[in-house]
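Bear in mind these aren't lab numbers, they're just calculated from the coordinates by the rules spelled out. Since we're looking at a predicted model, the values are computed, not measured. Neighbour counts run over all protein chains shown; Cβ positions are idealised from the backbone, glycine included.
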Amino acid sequence: MALEQGWKSELRSAEVLRELTLSFLPIDPFEIARRKDILYQENGSLGGGISGCAMKVGDSFGILYSSRFASEGFQRFTVGHELGHYFMDGHVSHLFAKEQTFHQSLSGFISKDPYESEADAFAASLLMPKELFMGALEKAGEGLNAIKRMVALCRTSLTATAIRVAKLTTERLAVVCTTGQTVNFAIMSDAMRSYRDLTWPRRGAGIPATSNTAVFNSDQANVLLGRRDLTPANWTM
């Protein structure tokens with residue numbers, strides 16, 4: 001299912017970019033919304049972990065994105081995610097069935113819902129189109145510094161950019177996202193997956209208590225202040 005979602009999202013996002021003749025980085029999701037007459041607005045009252053929502057009244061489509069997330073990259077990704085619900089086949093009829101007018105989204109690769117996962121894949125391929133992205137990545141250098149340069153170029157979040165690199169690169173790369181002492185998801189490049197007997201953290205698994213990640217996450221200030229620990233990983237499962 002994940003492979004099919006990615007393939008469909010790549011094709012549809014490429015169609016949208018061709019239709020709107022957008023061929024340079026960064027891709028602006030707000031411009032796409034404007035050109036499709038989709039209303040959008042920042043909102044500070046979306047609760048919980050909700051990052052955005054889509055609304056449909058008659059033939060009019062609108063997007064709210066949460067102001068609780070300060071990251072410009074995450075806000076742009078959220079708008080791209082809601083655009084995914086607008087552009088991807090079957091989303092509007094499913095999400096707004098039975099006269100439903102409001103749909104809340106949990107973007108950022110953490111939802112298990114196939115429609116949300118497909119909208120995430122659409123947002124990633126829309127904001128970081130494969131050919132443009134890989135062409136720029138070849139000139140960006142190596143390692144985390146290369147990913148940070150792509151963040152600046154695409155105006156995307158560090159997490160979304162790292163995941164995009166992992167899905168497209170021929171190098172060995174793994175991206176593990178955690179909250180507190182729990183794994184949200186782990187994504188590996190094909191080259192990393194090719195190792196025999198390789199195991200990786202599963203969604204919902206606990207973080208090894210002695211790992212750098214567990215120690216780092218135990219201090220909430222590290223996360224709130226955006227601190228980093230570049231010590232070589234000692235994570236073993």
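Students often check this: by mean Cβ neighbours within 10 Å, which of 10-17, 114-121, 98-105 ranks highest, and how do the rest follow? Display every interim value, and only then the final one.
Numbers: 10-17: 17.1, 114-121: 22.4, 98-105: 13.4.
In decreasing order of mean packing, 10-17, 114-121, 98-105 become 114-121, 10-17, 98-105.
Relative to the Cα centre, the charge distribution of the range 61-150, modelled as +1 at Lys and Arg Cβ and -1 at Asp and Glu Cβ, gives a dipole magnitude of about 300 debye. The base-10 log of I(q)/I(0) for the chain, evaluated at q = 0.11, 0.13, 0.18 Å⁻¹, reads -0.59, -0.83, -1.50 [Debye formula, identical scatterers on Cα atoms, solvent excluded].
Considering only the chain, what is the antiparallel percent among its DSSP beta bridges, to the nearest 5? Walk me through the intermediate numbers first.
Details: 17 of 22 bridges.
Percent antiparallel among DSSP bridges in the chain is about 75.
Between ASP28 and ALA70, take the C-beta separation as r, use R0 = 22 Å, and let me know the FRET efficiency to the nearest 0.05. Walk me through the intermediate numbers first.
On the way: r = 19 Å, r/R0 = 0.87.
Efficiency for this residue pair is about 0.70.
Which residue fluctuates most in the GNM of the chain (Cα springs below 10 Å): LEU126, LEU225, LEU20? For the chain, modelled as a Gaussian network with Cα springs under 10 Å, the answer is LEU225.
For ILE38, what is the net charge nearby, where nearby means another residue's Cβ is under 12 Å from its Cβ and Lys, Arg count +1, Asp, Glu -1? Net charge in that neighbourhood comes out at 0.
Over the chain, DSSP H runs of length four or greater, each weighted -39,500 (n - 2.57), average out per residue to a 222 nm ellipticity of -13000 deg cm²/dmol.
Fully extending the segment from ALA97 to VAL223 would add 41.5 nm, taking 0.36 nm per residue of separation and subtracting the current Cα-Cα distance. Looking at the range 126-195, the trypsin sites (Lys or Arg not before Pro) that sit in a DSSP loop and have at most 14 other Cβ atoms within 10 Å of their own Cβ are LYS139, ARG172.
Which aspartates and glutamates, if any, have their Cα less than 15 Å from the Cα of LYS8, not counting same-chain residues under 8 positions apart? Within the straight-line cut-off, LYS8 pairs with ASP89, GLU116, GLU118, ASP120.
Using C-alpha pairs below 8 Å separated by at least 6 residues, the relative contact order for the range 98-237 is 14 percent.
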